[in-house]
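Here is the structure we will look at.
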Amino acid sequence: DSGVTQTPKHLITATGQRVTLRCSPRSGDLSVYWYQQSLDQGLQFLIHYYNGEERAKGNILERFSAQQFPDLHSELNLSSLELGDSALYFCASSLSGREQYFGPGTRLTVT
Amino acid sequence: AQKVTQAQTEISVVEKEDVTLDCVYETRDTTYYLFWYKQPPSGELVFLIRRNSFDEQNEISGRYSWNFQKSTSSFNFTITASQVVDSAVYFCALSGGAYNFNKFYFGSGTKLNVKP
């Protein structure tokens, strides 16, 4: 158990809908990273927050957004969902930025 | 540009065989970190090791060992006497540079099948 929690574990929704994925980092970790893992794209870095501030963006679509709250939990918002957004979404947390500890992931299925 | 290449898509071995997973990276940064992660069938990503660019000493942890060679930009991972429980997808990753520690770049992964 990495200490990083993600909810929900599974999510099934329809195209065009909006969903919110939640991540709670390990106790003491200030950084939260979001990743998308799909069969054809591998593990793609989406975005990094540190202590509430956005630090880096990767291959994140404009339909996606994230934020980190004062209690350090983070939410990833996915809107206008398309079939191609079906993937496993991971959150990872880090204290030093030198290694990351991953949550169990949220499996999103868009039908 | 930062890039990690894991050319081996899938490897199958028989239990007790040794196996090496290859990782080649590209970076123009002089300071960077390399990582290996394991993703078992359960899906969770497990951190295995971190190596910084200034430390080329190879590391051994039980049946696992890592060979870091800056001259060839490689960070290979060897499992000695493989076991069925080693079956997983293994990812190599890179982060680095003065302003790039906020981003991680993952290879496409190598699926290891260890057969009894």
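The values are calculated or read from the model by the stated rules, or taken from the named source; none is laboratory data. It should be emphasised that the depicted structure is a prediction, and the values quoted were computed from it without experimental measurement. Neighbour counts are summed over all protein chains in view; Cβ atoms, including those assigned to glycine, are modelled from backbone coordinates with ideal geometry. For the accessible areas, the whole protein counts, side chains as well, though only heavy atoms, and no ligand, DNA or RNA atoms are used. Shrake-Rupley method; radii C 1.70, N 1.55, O 1.52, S 1.80 Å.
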Quick one: which residues, 5+ away or cross-chain, put their amide H under 5 Å from the amide H of B:Leu21? H built at 1.01 Å from N. B:Phe77, B:Thr78, B:Ile79
Averaged over B:32-42, number of beta-carbon atoms from partner chains that fall within 10 Å: 2
For the range A:17-111, what are Rg and Dmax over the alpha carbons, in angstrom? 12.5, 39
Using protein heavy atoms only (no ligands, DNA or RNA), what is the total accessible area buried between A and B, 1.4 Å probe, nearest 100 Å²? 1600
Taking max minus min of the Cα coordinates of chain B on each principal axis, largest first, gives extents in Å of 45, 27, 21
Which loop chymotrypsin sites (Phe, Trp or Tyr not before Pro) in the range A:44-74, with loop taken from DSSP, have no more than 14 other Cβ atoms within 10 angstrom of their Cβ? none
Given chain B, longest segment not containing exposed loop trypsin sites (Lys or Arg not before Pro) (DSSP; at most 15 other Cβ within 10 Å): B:64-116
Using the alpha-carbon centroid of each, what span in Å lies between the range B:64-91 and the range A:5-64? 28
Within chain A, which is the longest segment that contains none of the trypsin sites (Lys or Arg not before Pro) sitting in a DSSP loop with at most 14 other Cβ atoms within 10 Å? A:19-62
Give me the net charge for the shell around A:Gln41: Cβ to Cβ below 14 angstrom, other residues only, Lys and Arg +1, Asp and Glu -1. -3
Overall dimensions of the protein assembly as shown as given by Cα atoms, namely Rg and Dmax in Å: 17.6, 51
Beyond a 21 Å Cα-Cα separation, which of these cross-linked pairs lie in this structure: A:Lys57/B:Lys111; B:Lys3/B:Lys38; B:Lys16/B:Lys38; A:Lys9/A:Lys57; B:Lys70/B:Lys115; B:Lys16/B:Lys70? A:Lys57/B:Lys111; A:Lys9/A:Lys57; B:Lys70/B:Lys115; B:Lys16/B:Lys70
To check you understand DSSP bridge types, tell me what percent of the beta bridges within chain B (both residues inside) are antiparallel, rounded to 5. 90
